Amino acid sequence: MKTLFDKIWDNHVVMSVEDGPTQLYIDRHLCHEVTSPQAFAGLRNRGLKVFRPEQTI
């Protein structure tokens with residue numbers, strides 16, 4: 001029987017490489033007050049926008 005973690009993981013796999021990393025789709029982004037300002041500054045400095053801002057909490 002699969003655990004809840006296994007079910008969520010399997011549901012979000014985009015691509016798997018044999019004996020390598022697994023690419024996952026992250027459908028929610030949680031902003032943390034400690035690191036978010038630096039992350040947003042980095043995007044701004046590179047002229048980039050937040051991808052799917054409606055999915056950022």
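The values are calculated or read from the model by the stated rules, or taken from the named source; none is laboratory data. Values in this document were obtained by computation on a predicted structure and should not be read as measured data. Cβ sites come from the backbone with ideal geometry, for glycine too, and all protein chains shown count toward neighbours.
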* To do: Name, by its number, the condition in (1) within 17 Å of the chain's Cα centre (by Cα); (2) exposed (fewer than 10 other Cβ atoms within 10 Å of the Cβ) that does not hold for Glu18.
  => (1)
* Is there a residue in the range 38-45 that is surrounded by 10 or more Cβ atoms within 10 Å (Cβ to Cβ) and among the basic types (Lys, Arg)? -> yes
* In this structure, does Asp6 turn out to be without any contact (Cβ under 8 Å) to a residue 40 or more places away in the chain, surrounded by 10 or more Cβ atoms within 10 Å (Cβ to Cβ) and farther than 23 Å from Thr56 by Cβ? -> yes
* Which pairs have Cβ atoms under 9 Å, sit 6 or more apart or on different chains, and link a residue in the range 18-47 that is in contact (Cβ under 8 Å) with a residue 60 or more places away in the chain and more than 30 Å from Asp6 (Cα to Cα) to one that is surrounded by fewer than 11 Cβ atoms within 10 Å (Cβ to Cβ) and of a type in the set (Lys, Arg)? -> none
* Asked: Does the range 27-39 contain any residue that is at pLDDT 90 or above, part of a loop (DSSP other than H, G, I, E, B) and β-branched (Val, Ile, Thr)?
  -> no
* Here is a list of conditions, (1) in a helix (DSSP H, G or I); (2) surrounded by 10 or more Cβ atoms within 10 Å (Cβ to Cβ); (3) modelled with pLDDT under 95, and Val50 meets all of them except one; can you say which number that is? -> (1)
